[in-house]
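The values are calculated or read from the model by the stated rules, or taken from the named source; none is laboratory data. Since the model is a prediction, treat every value here as computed from it, not as a measurement. Methodologically, a virtual Cβ is constructed for each residue, glycine included, from the backbone with ideal geometry; neighbour enumeration extends over all protein chains shown. Remember, those area values only see protein heavy atoms, side chains included, never the ligands or the DNA or RNA. Shrake-Rupley method; radii C 1.70, N 1.55, O 1.52, S 1.80 Å.
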Amino acid sequence: MTTDHRRLTRNGSLVRTVGTGVVLAIGAGIACWYWWRGPNASQETNRLQQKEEEEHRKEREKEPSRCVIVTKTLSEMKDFDWQKFLKDDIVFIVVPGETFLDPSQGFEIDPKVGYKIIRCDTILGVWSCVKSLKKDSLIVIGDEVEGGIPDDISNFTKNIRDVKSKEELLTIFPIPF
Amino acid sequence: MESRILKEYKDSRSLQSQYILALDPISTDDLTHWECTIKGPLHSPFANHTFKLRIDIPQTYPLTTPICKFEPFAMPHPNVNFETGEICLDILDTNWSPVFNIQYIVEAIVWLLNEPNFKSPLNLDLANLLRFDDLKAYHDLISYHLNNSAK
């Protein structure tokens, strides 16, 4: 073997070593990039989700608080996703004799919001609850409440919406069946 | 007054009670202002909740009654003003006797949570629910206020 041939062989293996090194370095770099980007990307997604939820919460807080008296028509809207509304500043007061999201009838309510349903044994109890809660707005189908809406209720809530039909109710709770 | 309070303070160190979780002066330098943590009685709408009481001892104690209040907007009860925490209880008013002490008062308040009296209300709406015998609404409305104020 000549000296030139040995030099060429040495140079060839040097090129191969350097080449392999470069390929490995690039591979490691790419792996590191994906490894770093993965958790950061999910962190970014979480951050965006949290921001969105926070904005939604603030939006809800701006909305006036509502007290809804659950009478026959509203209680019969069984396929309606009421749990979505329970996340708002809202209270459902169920009149005597009506069942509404009743766990004994198989409804599962998130315990974090289930306390927003108040069930009454008397109609006088319904109005005592309305007075105690002092929400911004009262939504009620007055014709379905025994004895109608008492005159003094306007002293305890800023706005009384006396709903006349199911269609009107659907404009207040606009979620399709 | 000072020796009486000092004795009550010493007694409170060894206090063992099912419902009184803590009963301490706010500062040991001044034994006229106390804070108490009580547990809601079992079988009452207040079970599984804790409540703070503020007790202020007047200079004329024990001849006159201490002033006891819940925290504002924390205690929905027929005999408690929800906004101020003021308590309507006979031993804190006309039926006070110098033989009563701070621990006795707190025990009486715990008892009151389980035995509301709708005839002397400071929360008219809750008292009316008892008057109408609407116990379902009574429990649910208390639960609403407790959960809502906890947020």
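Computed with a 1.4 Å probe over protein heavy atoms only, the accessible surface of segment A:66-172 comes to 47 Å² per residue. Remark: mean inter-chain Cβ contacts per residue of B:52-64 equal 0, using a 10 Å Cβ-Cβ cutoff to other protein chain atoms. Packing, as the average of other Cβ atoms within 10 Å across residues, places the peptides A:122-128, B:58-64 in the order A:122-128, B:58-64, highest first. Around the amide H of B:Leu21, modelled in the peptide plane, lie the amide H atoms of B:Thr37, B:Ile38, B:Lys39, all under 5 Å away and 5 or more residues distant in sequence or on another chain.
Take each residue in A:112-119, count the other chain C-beta atoms within 10 Å of its C-beta, and the mean is 5. Classify segment A:66-172 as rounded, prolate or oblate, taking a ≥ b ≥ c as the square roots of the eigenvalues of its Cα gyration tensor: rounded when a/c is under 1.5, otherwise prolate if a/b is larger than b/c and oblate if not. Rounded. Taking the charge dipole of the protein assembly as shown about its Cα centre, with +1 at Lys and Arg Cβ atoms and -1 at Asp and Glu Cβ atoms, the residue from B:Phe46, B:Asn101, A:Gly97 reaching farthest to the positive side is B:Phe46.
The value of relative contact order for segment B:2-150, using C-alpha pairs under 8 Å at least six residues apart, is 18 percent. Tell me whether chain B comes out rounded, prolate or oblate; compute the Cα gyration tensor, take square roots of the eigenvalues as a ≥ b ≥ c, and use a/c under 1.5 as the rounded threshold. Verdict is prolate for chain B.
For segment B:1-87, what class follows from the C-alpha gyration tensor (a ≥ b ≥ c being the square roots of its eigenvalues): rounded when a/c is under 1.5, otherwise prolate if a/b is larger than b/c, else oblate? Taking the square roots of the gyration eigenvalues as a ≥ b ≥ c, segment B:1-87 is oblate.
For segment B:2-150, the dipole from Cβ point charges (+1 on Lys and Arg, -1 on Asp and Glu) about the Cα centre works out to 260 debye, to the nearest 20. If you take the Cα centroid of segment A:90-113 and the Cα centroid of segment B:111-137, the two points sit 23 Å apart.
When peptides A:143-156, A:75-88 are ranked by their average number of other Cβ atoms within 10 Å per residue, the highest-first order is A:75-88, A:143-156. Evaluated with a Cβ-only charge set (Lys, Arg +1; Asp, Glu -1), the protein assembly as shown carries a dipole of roughly 2020 debye about its Cα centre, given to the nearest 20. Applying the criteria of a DSSP loop state and at most 13 other Cβ atoms within 10 Å to the chymotrypsin sites (Phe, Trp or Tyr not before Pro) of segment B:1-81 yields B:Phe73.
The share of accessible area on chain B that comes from carbon and sulfur is 51 percent, using a 1.4 angstrom probe. Per residue, the average separation of C-alpha pairs within less than 8 Å and at least 6 apart gives segment A:73-177 a relative contact order of 27 percent. In summary, the helical segments of chain B meeting the span-like criteria, namely a full DSSP H run, a Cα extent along the axis of 15 angstrom or more and a mean Kyte-Doolittle hydropathy of at least 0.5, are B:102-114. Contact residues in segment A:133-152 (at least 30 Å² less accessible area with all protein chains than alone, 1.4 Å probe): A:Leu133.
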